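**Q** Supplied in structure tokens, the structure appears directly below.
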Amino acid sequence: MNTSAINNKKQQQINIKCPVCENTSFEEPIYKYSALEAAAHFCPPNRNSTRNQRLVKSIRKLWQGDECSIIRCPECGFAFGQPFIGGDEEFYSILHEQHGYPSWRWDYDVAVQNVISLLDKGKILDIGAGTGNFLKSLGNQWEKYAVEGSDTTRLELEKVGINVFPDLPTLVEAESGEFSVVTMFQVLEHISNFQEVLSQCRQLLTPGGLLLVTVPDGDAMILQEQLTGCPDMPPNHINKWTPKSLKIALEDVGFQTQAAIIEPPSWKNLAYSLQLKVIHDAAINPNSLAAKCYQVSNKRIRISLLSSLALSGFLQLFPHTNKLLQGESFAMISIAN
Ligand SMILES: [Zn+2]
């Protein structure tokens, strides 16, 4: 490496500022991914080469290049992508061809037990509501709102009586200061403009209103990658949050935060890690047993083959069972000042 390259590198490090705590002192990136690696993670070329190629193109366009680094702030623990850019509509429309929305999840229970049960009624907004499974579970005393980017999903939400807005600024203009509750389940790890979004949540809430945010636990994601080899890949996830960094970000825009609620340990978490390990083995090596299993067209046979691979993964990861049982997300409730 010549001197000018070294100087450029130093310069680059000096110019980076933590988007949460504004620290400017960083060490080497914790991960570096190419667009080919990222696309293979979401859809290996041997599973669907056309979709894989579309993903490569879409990711290169987002990154304006071929590489993304993940940098971790030593002060607040927040880790983020460089370039700091999340997936756009085109990227997610390709991903959604193969993934659906979850029907229920642990953080919905957190919301019901720690927020909904405290209030009788009011206006509630779910940002990134998916098909509205959380809102649909609430009684009619709640006036339900959703912000959802996908056109198809918006139509489904409207059909079940949910007021849907395509974006937050439009809703802020129409209903500022009107909401008792805002929920944001697993959204904040996808977006770079989180300050703006949190500030808009603050504007939407009445004073004393509650915001519930849930995110993957950044440290748990890093541990999972170390153990399973499966990355928490940008541009889907471009932020790794810690309770400390989320607290700073929320307090910066006028919230009073409560202690983080950590997802409890469960076998589901371990099963998910094993699944990630099989997916990753298939993605990085087209000749692996895992990749061959994915090519089996009979679904029942495919699933039973993949299950036996997961079992062999379990034997390899057995010494780390306790770590893999740990929760992968946390929730934070905060009050609008
Ligand atoms: Zn920081």
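**Q** Under 5 Å between amide H atoms, partner at least 5 residues away or on a different chain: which partners does residue 23 have, H built in plane at 1.01 Å?
**A** 18
**Q** Provide the gained length on full extension for the span residue 325 to residue 159, in nm with one decimal, where the gain is 0.36 nm per separating residue minus the Cα-Cα distance.
**A** On the way: separation 166, 0.36 × 166 = 59.76 nm, distance 3.84 nm.
Once the chain is fully extended between residue 325 and residue 159, it gains 55.9 nm.
**Q** Now for a different question. So, in nm, how far is label residue 316 from label residue 67 when the simple model puts each one 7 Å beyond its Cα toward the Cβ?
**A** My value for the distance between the label points is 2.7 nm.
**Q** Separate question: Where the centre of each part is set by its Cα atoms, how far does segment 60-89 sit from segment 217-274, in angstrom?
**A** If you average the Cα positions of each part, the centres end up 16 Å apart.
**Q** The chain: longest stretch without exposed GluC sites (Glu not before Pro) (DSSP loop, at most 15 other Cβ within 10 Å), sites themselves excluded? Walk me through the numbers on the way to the answer.
**A** Details: sites that count: 22, 27, 97.
Counting at most 15 other Cβ atoms within 10 Å as exposed, the longest clean stretch of the chain is 98-337.
**Q** Which whole-Hz ³J(HN,Hα) couplings does segment 146-161 yield from phi under the Karplus relation 6.51 cos²θ - 1.76 cosθ + 1.60, θ = phi - 60°, glycine and proline marked x?
**A** 9, 10, 8, x, 7, 4, 4, 5, 4, 4, 4, 5, 4, 4, 9, x
**Q** Going by Cβ distance under 4.7 Å, what cysteines of the chain have no possible disulfide partner?
**A** If one checks each Cβ against the other cysteines of the chain, 43, 68, 201, 230, 293 turn up with nothing under 4.7 Å.
**Q** While we're on this one: How far is the Cα center of segment 293-337 from the Cα center of segment 96-160, in Å?
**A** Between the Cα centre of segment 293-337 and that of segment 96-160, the gap is 25 Å.
**Q** Under a plain spin-label model, where a point goes 7 Å from the Cα along Cα-to-Cβ, how far apart in nm are residue 88 and residue 308?
**A** 4.6
**Q** If the only charges are +1 at each Lys and Arg Cβ and -1 at each Asp and Glu Cβ, what is the size of the charge dipole of segment 14-95 around the Cα centre, to the nearest 20 debye?
**A** The dipole magnitude comes to about 400 debye.
**Q** Can you run phi through the Karplus equation (6.51, -1.76, 1.60; θ = phi - 60°) for segment 249-265 and list ³J(HN,Hα) in whole Hz, with x for Gly and Pro?
**A** With the stated coefficients, segment 249-265 comes to 4, 6, 5, 4, 9, x, 10, 9, 9, 9, 5, 5, 9, 8, 4, x, x Hz.
**Q** Which one, 34, 245, 93, has the greatest fluctuation when you compute a Gaussian network model over the chain with C-alpha springs under 10 angstrom?
**A** Top of the fluctuation ranking is 93.
**Q** Okay, moving on. Describe numerically, in nm with one decimal, the distance between label points set 7 Å from Cα along Cα→Cβ at residue 266 and at residue 170.
**A** Output for this residue pair reads 3.4 nm.
**Q** Rounded to the nearest 20 debye, what is the charge dipole size of the chain about its Cα centre when +1 sits on each Lys and Arg Cβ and -1 on each Asp and Glu Cβ? Write down the numbers at each step before the final one.
**A** Working: 29 positive and 35 negative charges, 238 e Å.
Computed about the Cα centre, the dipole is about 1140 debye.
**Q** Which one, 108, 25, 46, projects farthest toward the positive side of the charge dipole computed for the chain from Cβ point charges (K/R +1, D/E -1)?
**A** About the Cα centre, the residue reaching furthest to the positive side is 46.
**Q** A follow-up question, please. Using r as the Cβ-Cβ distance of residue 178 and residue 121, and R0 as 22 Å, what FRET efficiency do you calculate, to the nearest 0.05?
**A** On the way: r = 13 Å, r/R0 = 0.60.
With a Förster radius of 22 Å, E is 0.95.
**Q** Follow-up. If you line up the Cα atoms of segment 267-325 on their principal axes, what length do they span on each, largest first, in Å?
**A** Extents along the principal axes, in whole Å: 35, 23, 15.
**Q** For a 25 Å ceiling on Cα separation, which of these pairs sit above it: 136/299; 32/277; 17/247? If you can, show how the numbers build up before the last one.
**A** Details: 136/299 31 Å; 32/277 19 Å; 17/247 18 Å.
Long pairs (Cα-Cα over 25 Å): 136/299.
FYI, it's all coordinate maths here, none of it is from the lab. Computed from a predicted structure; not experimentally measured. As a convention, Cβ positions derive from the backbone with ideal geometry for all residues, glycine included, and neighbour counts pool all protein chains shown.
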